[in-house]
1. Please give me the summed charge of the neighbours of residue 170: other residues whose Cβ is under 15 Å from its Cβ, Lys and Arg +1, Asp and Glu -1.
2. For residue 66, which aspartates and glutamates qualify as cross-link partners when the Cα separation must be under 19 Å and same-chain residues fewer than eight apart are set aside?
3. Would you work out if region 135-240 is rounded, prolate or oblate? Take a ≥ b ≥ c from the square roots of the eigenvalues of the alpha-carbon gyration tensor; rounded if a/c is under 1.5, else prolate when a/b is larger than b/c, oblate otherwise.
4. Counting other beta carbons within 10 Å of each residue's own, what order do 238, 56, 138 fall into, fewest first?
5. Tell me the trypsin sites (Lys or Arg not before Pro) within region 55-105 that lie in a loop according to DSSP and have at most 13 other beta-carbon atoms within 10 Å.
6. Based only on other Cβ atoms within 10 Å, what is the fewest-to-most ordering of 170, 150?
7. Would you mind checking which residues have amide H under 5 Å from residue 30's amide H? H placed 1.01 Å from N; only 5 or more apart, or other chain.
8. Output wanted: per-residue J couplings in Hz (rounded whole) for region 99-113, from phi through Karplus 6.51 cos²θ - 1.76 cosθ + 1.60, θ = phi - 60°, x for Gly and Pro.
Amino acid sequence: MKKALYIFILLTIAFYGNMAAQQSSQNIRGIILDKQSQFPIPGVNVIVMNSSPQKFASSDIDGKYKITELAPGRYDLKVSYIGYKEVVLSNVVVTSGKEVVMDISLEESVSTLNEIEISASKKNETNNELSSVSGRSFSMEEVNRYAGGRSDPSRLAANFAGVSSPDDSRNDIVIRGNSPTGVLWRIEGLNIPNPNHFSTIGTTGGPVSALNTNVMKNSDFFTSAFPSEYGNANAGVFDLGFRNGNSEKENTPFKLARLLGLRQ
């Protein structure tokens, strides 16, 4: 009888000792909500800052989190999530006799950014601000780079949509089937009759261009919808301009060319 009593006492001591060992650690749990809407926030990080090893947890889809196996003591919790202000909870008391239930509300973080100004310009925008459609600006570097252009702006313009040249012997510009004589040539705001060598009276084209691309700047070419300043044009407008020279150093380019003809 005494032996059975001793066994019962030993089992009782072992049971309560095991219960005491199991209750030596405790949990922190709760739910994380949006402060304004009171909706749960998933994916929020909750970190115990002064635990060793460090404990942490993330809220689930219902905003619930749970940090387990914390020894009794005082802890600091850091709660963080993108788009919300970080929250630090100090001196959270954890005891062995009761689980800590702590609901946390997060406030949205509003940041004031500096003003950003975005500007854009389309490629080949014309120099003339009154142009709306059917106008294009190109550089003299493009003229010199065009294969078979002979450094002639007219031959480059003949490759634009709706523009053609009658034949390779002349640089007349035909725009949408209109007569080449309807093309208005202008240099530095002045209308000129024909900017070509060996030209025929009453025409606007010729065999060889008299324009030197070394002294020309970006120019505008219009095929329709001309600004009001080009009132005399009825087929197209070629508005050219001279560029400024080198104000610090004198440059003198030379170019040698030969015009070949067929002898019958």
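1. That works out to -2.
2. 34, 76, 86, 99, 103
3. rounded
4. So the residues, fewest neighbours to most, are 56, 138, 238.
5. Those satisfying the criteria are 85.
6. Listed from fewest to most nearby Cβ atoms, that is 150, 170.
7. 65, 102
8. 6, 8, 10, 9, 8, 10, 10, 10, 9, 4, 9, 10, 10, 9, 9
Read the figures in this text as sums done on the coordinates, not as results from a lab. Keep in mind it's a predicted model, so treat the numbers as computed, not measured. So basically every Cβ, Gly included, is an ideal-geometry build from the backbone, and we count neighbours across all protein chains shown.
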